[in-house]
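I have placed the structure first, in the form of structure tokens, so that the comments after it can refer back to it.
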Amino acid sequence: MIFASKVRIIIASLAVILVGLAALMVNLQAPGPTLGFQQGLDAIVATTSNPTITTTGVTLFATSSCSGRTITTVASPIMLTFSDRINQTPTGLFGHLQAASTTITYPAEQYGCGLFKAFGFVSSAITVTEYR
């Protein structure tokens, strides 16, 4: 009886260890984020600027080819739109919110390389960079 109990404990322990190792192996094989750039290749800065965002829609990018775009805000959040379909312009109620004091890269494979516009809740300068 004692021997059977020890065997069950050993088998249960081995099962837990195998499940843990399997979970670790799956986690190790998960690909990392590419941020819209091909893995292992350098991102080339095509343009960078510091536009002032106001309470009207300001065009940030208007190119048709890129690998990604990075936008850095300072003390104020902004609203963004990522295309010119139906003449979209961001407002205080419409668009994608980027919080204050953040840097976000928008990969071309998810957000495209079309027209990016921004709306500011207050007038403030931001930094924008486009990569090829």
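The values are calculated or read from the model by the stated rules, or taken from the named source; none is laboratory data. Computed from a predicted model, the values in this text were never measured in an experiment. Glycine also receives a Cβ, built like all others from the backbone with ideal geometry; neighbour counts cover every protein chain displayed.
Take Ser83 and decide whether it is in the same structural domain as Thr56 (by TED's automatic domain parsing) and within 19 Å of Ala125 (Cα to Cα).
When the stated conditions are applied, Ser83 does not pass them.
Go through the stretch 24-56 and give me each residue that's modelled with pLDDT under 70 and either more than 30 Å from Ala118 (Cα to Cα) or of a type in the set (A, V, I, L, M, F, W, C) (or both).
Leu24, Met25, Val26, Asn27, Leu28, Gln29, Ala30, Pro31, Leu35, Phe37, Gly40, Leu41
Kindly check whether there is at least one residue in the stretch 96-106 that is crowded, with 16+ Cβ neighbours inside 10 Å and farther than 21 Å from Ala46 by Cα.
Checking the stretch 96-106: at least one residue is crowded, with 16+ Cβ neighbours inside 10 Å and farther than 21 Å from Ala46 by Cα.
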